[in-house]
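One structure below.
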Amino acid sequence: SPAGMVLSVLVILLLSVLYEAVKMGKAVLLRRALLALPRSLSHEALTEPQEGEHSDPAQGSPSLMAFPLSFPRWFWFHVGQTLFHVLQVVLGYMVMLAVMSYNAWIFLGAIAGSTLGYFM
């Protein structure tokens, strides 16, 4: 029906806009993640304990105790980037499957949505 086709084209258009928005969101998160990384690593973080320093086995090994219970900021940016990437892949495949229906109107909806999403 014509109403179903218009609705389908609108959904594909919105999915394409969302795909472009997610792509830009991923770029913004990458920039924030790079800014959140420490400028340099301290010498203590790179070296093992010296021979004179020994840890009490009851306290656990230093490498196990160094595992943070609360992750640093850059880690959460990386988790966000990963989720954005998964969403981008899913949206991309959904738009691709719709275009592979070989319907010209669906194809034009995907192109228009991608153009509109990039423009915004």
* Candidate set from the stretch 1-34 (those that are small (G, A, S) and part of a helix (DSSP H, G or I)); member that is farthest from the chain's Cα centre (by Cα) -> A3
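Condition check ((1) farther than 28 Å from Y118 by Cβ; (2) in contact with a Lys or Arg (Cβ under 7 Å, 6 or more places away or on another chain); (3) open to solvent by less than 70 Å² (accessible area, probe 1.4 Å); (4) modelled with pLDDT of 90 or more) across all residues:
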{"position": "I12", "(1), (2), (3), (4)": "no, no, yes, yes"}
{"position": "V17", "(1), (2), (3), (4)": "no, no, yes, yes"}
{"position": "A36", "(1), (2), (3), (4)": "no, yes, yes, no"}
{"position": "S55", "(1), (2), (3), (4)": "yes, no, yes, no"}
{"position": "S63", "(1), (2), (3), (4)": "yes, no, no, no"}
* Hits in the stretch 84-120 (condition: over 10 Å from L13 (Cα atoms), touching a residue at least 60 places away in the same chain (Cβ under 8 Å) and within 21 Å of the chain's Cα centre (by Cα)) -> F84, L87, Q88, L91, G92, M94, Y118, M120
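The values are calculated or read from the model by the stated rules, or taken from the named source; none is laboratory data. No experiment lies behind these values; they were computed from the predicted model shown. Note: ideal-geometry Cβ built from the backbone for every residue, glycine included; neighbour counts use all protein chains shown. When the accessible area is computed, the model is the full protein with side chains, heavy atoms only, and any ligands, DNA or RNA have been set aside. Shrake-Rupley method; radii C 1.70, N 1.55, O 1.52, S 1.80 Å.
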